[in-house]
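This report concerns only the one structure given below.
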Amino acid sequence: IDSLIKTIPRVGFIALLMFIFVYIWGVIRTMFFGDTDPDRWENIGVALLTLTQVATYDDWGAIMRDLIEVHPWAWIYFVSYIIVNAVVLLNMVIGVIVDVMTGGRGVELLIDQESKLTQEKNANQES
(Lines give C-alpha, C1' and ligand atoms only; values in the text may rest on other atoms or scores of the structure.)
Protein backbone atom coordinates (compact mmCIF):
# COMPACT_ATOMS: atom_id res chain seq x y z
CA ILE A 1 0.00 0.00 0.00
CA ASP A 2 2.91 2.34 0.72
CA SER A 3 4.11 1.95 -2.86
CA LEU A 4 0.71 2.82 -4.25
CA ILE A 5 0.58 5.95 -2.11
CA LYS A 6 3.95 6.98 -3.58
CA THR A 7 2.45 6.78 -7.08
CA ILE A 8 -0.23 9.40 -6.36
CA PRO A 9 1.86 12.47 -7.36
CA ARG A 10 3.08 10.89 -10.58
CA VAL A 11 -0.34 9.54 -11.50
CA GLY A 12 -1.75 12.98 -10.71
CA PHE A 13 0.52 14.54 -13.33
CA ILE A 14 -0.53 11.90 -15.84
CA ALA A 15 -4.19 12.55 -14.99
CA LEU A 16 -3.59 16.25 -15.65
CA LEU A 17 -1.99 15.38 -18.98
CA MET A 18 -4.95 13.13 -19.81
CA PHE A 19 -7.40 15.92 -18.94
CA ILE A 20 -5.55 18.35 -21.21
CA PHE A 21 -5.55 15.74 -23.96
CA VAL A 22 -9.29 15.03 -23.59
CA TYR A 23 -10.06 18.74 -23.42
CA ILE A 24 -8.17 19.39 -26.66
CA TRP A 25 -9.98 16.54 -28.41
CA GLY A 26 -13.28 17.87 -27.01
CA VAL A 27 -12.60 21.35 -28.39
CA ILE A 28 -11.67 19.89 -31.76
CA ARG A 29 -14.81 17.80 -31.80
CA THR A 30 -17.07 20.68 -30.78
CA MET A 31 -15.55 23.00 -33.39
CA PHE A 32 -15.73 20.64 -36.34
CA PHE A 33 -18.66 18.36 -35.60
CA GLY A 34 -20.75 20.19 -32.98
CA ASP A 35 -23.70 20.78 -35.27
CA THR A 36 -23.86 17.16 -36.45
CA ASP A 37 -24.98 15.52 -33.20
CA PRO A 38 -25.85 18.22 -30.64
CA ASP A 39 -27.06 15.70 -28.07
CA ARG A 40 -23.51 14.39 -27.68
CA TRP A 41 -21.33 17.29 -28.79
CA GLU A 42 -23.20 20.57 -28.22
CA ASN A 43 -20.61 22.10 -25.83
CA ILE A 44 -17.31 21.23 -24.18
CA GLY A 45 -18.87 19.69 -21.07
CA VAL A 46 -21.07 17.30 -23.01
CA ALA A 47 -18.20 16.56 -25.38
CA LEU A 48 -15.96 15.61 -22.43
CA LEU A 49 -18.60 13.22 -21.14
CA THR A 50 -18.96 11.67 -24.59
CA LEU A 51 -15.19 11.31 -24.91
CA THR A 52 -15.13 9.57 -21.54
CA GLN A 53 -17.67 7.14 -22.94
CA VAL A 54 -15.48 6.61 -26.01
CA ALA A 55 -12.41 6.10 -23.81
CA THR A 56 -14.17 3.33 -21.90
CA TYR A 57 -15.26 1.72 -25.22
CA ASP A 58 -18.90 1.94 -24.12
CA ASP A 59 -20.76 1.81 -27.45
CA TRP A 60 -18.23 4.09 -29.09
CA GLY A 61 -18.90 2.42 -32.43
CA ALA A 62 -22.44 3.83 -32.48
CA ILE A 63 -21.14 7.30 -31.68
CA MET A 64 -18.62 7.06 -34.50
CA ARG A 65 -21.15 5.54 -36.91
CA ASP A 66 -23.56 8.45 -36.44
CA LEU A 67 -20.78 10.91 -37.21
CA ILE A 68 -19.30 9.03 -40.16
CA GLU A 69 -22.62 9.18 -41.97
CA VAL A 70 -22.17 12.95 -42.23
CA HIS A 71 -18.35 13.26 -42.11
CA PRO A 72 -16.72 10.19 -43.68
CA TRP A 73 -13.21 11.15 -42.52
CA ALA A 74 -14.26 11.45 -38.84
CA TRP A 75 -12.90 7.96 -38.13
CA ILE A 76 -9.43 9.57 -37.96
CA TYR A 77 -10.61 11.61 -34.98
CA PHE A 78 -11.87 8.58 -33.05
CA VAL A 79 -8.98 6.26 -33.90
CA SER A 80 -6.37 8.86 -32.95
CA TYR A 81 -8.19 9.58 -29.68
CA ILE A 82 -8.41 5.92 -28.73
CA ILE A 83 -4.80 5.18 -29.66
CA VAL A 84 -3.37 8.10 -27.71
CA ASN A 85 -5.70 7.65 -24.75
CA ALA A 86 -5.63 3.88 -24.38
CA VAL A 87 -2.21 2.97 -25.65
CA VAL A 88 -0.03 5.88 -24.63
CA LEU A 89 -1.54 7.58 -21.58
CA LEU A 90 -2.93 4.56 -19.76
CA ASN A 91 0.33 2.68 -20.30
CA MET A 92 2.11 5.63 -18.69
CA VAL A 93 -0.01 5.09 -15.57
CA ILE A 94 0.84 1.40 -15.55
CA GLY A 95 4.51 2.22 -16.07
CA VAL A 96 4.53 4.60 -13.10
CA ILE A 97 2.87 2.06 -10.86
CA VAL A 98 5.28 -0.70 -11.91
CA ASP A 99 8.27 1.62 -11.45
CA VAL A 100 7.24 2.55 -7.94
CA MET A 101 6.36 -1.04 -7.03
CA THR A 102 9.84 -2.19 -8.10
CA GLY A 103 11.36 0.64 -6.12
CA GLY A 104 12.77 2.39 -9.18
CA ARG A 105 15.43 -0.29 -9.47
CA GLY A 106 14.98 -0.52 -13.24
CA VAL A 107 16.72 2.79 -13.84
CA GLU A 108 19.37 2.06 -11.22
CA LEU A 109 20.18 -1.27 -12.88
CA LEU A 110 20.63 0.42 -16.25
CA ILE A 111 22.96 3.02 -14.73
CA ASP A 112 24.97 0.30 -12.97
CA GLN A 113 25.30 -1.69 -16.20
CA GLU A 114 26.37 1.40 -18.10
CA SER A 115 29.01 2.29 -15.50
CA LYS A 116 30.35 -1.29 -15.56
CA LEU A 117 30.63 -1.17 -19.35
CA THR A 118 32.43 2.16 -19.14
CA GLN A 119 34.86 0.78 -16.55
CA GLU A 120 35.52 -2.28 -18.73
CA LYS A 121 36.18 -0.07 -21.76
CA ASN A 122 38.58 2.07 -19.74
CA ALA A 123 40.36 -1.01 -18.42
CA ASN A 124 40.70 -2.44 -21.96
CA GLN A 125 42.03 0.85 -23.31
CA GLU A 126 44.64 1.11 -20.54
CA SER A 127 46.00 -2.37 -21.19
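With respect to the conditions (1) outside any loop (DSSP other than H, G, I, E, B); (2) more than 27 Å from residue 91 (Cβ to Cβ), residue 5 falls short on a single one, namely (2). Of all residues in the range 85-127, those satisfying the criterion of being among the hydroxyl-bearing types (Ser, Thr, Tyr) and either loosely packed, with under 10 Cβ neighbours inside 10 Å or at pLDDT 80 or above (or both) are 115, 118, 127. Of all residues in the range 39-54, those satisfying the criterion of being open to solvent by 30 Å² or more (accessible area, probe 1.4 Å) and part of a helix (DSSP H, G or I) are 39, 40, 44, 45, 46, 48, 49, 52, 53.
Scan the range 12-35 residue by residue and report those that are part of a loop (DSSP other than H, G, I, E, B) and open to solvent by less than 40 Å² (accessible area, probe 1.4 Å). Residue satisfying the conditions is 34 alone.
Considering only the range 55-65, state which residues are among the charged types (D, E, K, R), in a helix (DSSP H, G or I) and in contact with a helix residue (DSSP H, G or I) (Cβ under 8 Å, 6 or more places away or on another chain). If the condition is that a residue be among the charged types (D, E, K, R), in a helix (DSSP H, G or I) and in contact with a helix residue (DSSP H, G or I) (Cβ under 8 Å, 6 or more places away or on another chain), then no residue fits.
Taking residue 77, is it surrounded by 17 or more Cβ atoms within 10 Å (Cβ to Cβ), free of Cβ contacts under 8 Å to residues at least 60 places away in the same chain and in contact with a Lys or Arg (Cβ under 7 Å, 6 or more places away or on another chain)? Yes.
The values are calculated or read from the model by the stated rules, or taken from the named source; none is laboratory data. Quantities reported herein were computed from a predicted structural model and do not represent experimental measurements. Glycine also receives a Cβ, built like all others from the backbone with ideal geometry; neighbour counts cover every protein chain displayed. Keep in mind that these areas ignore ligands, DNA and RNA; they rest on the heavy atoms of the full protein, side chains included. Shrake-Rupley method; radii C 1.70, N 1.55, O 1.52, S 1.80 Å.
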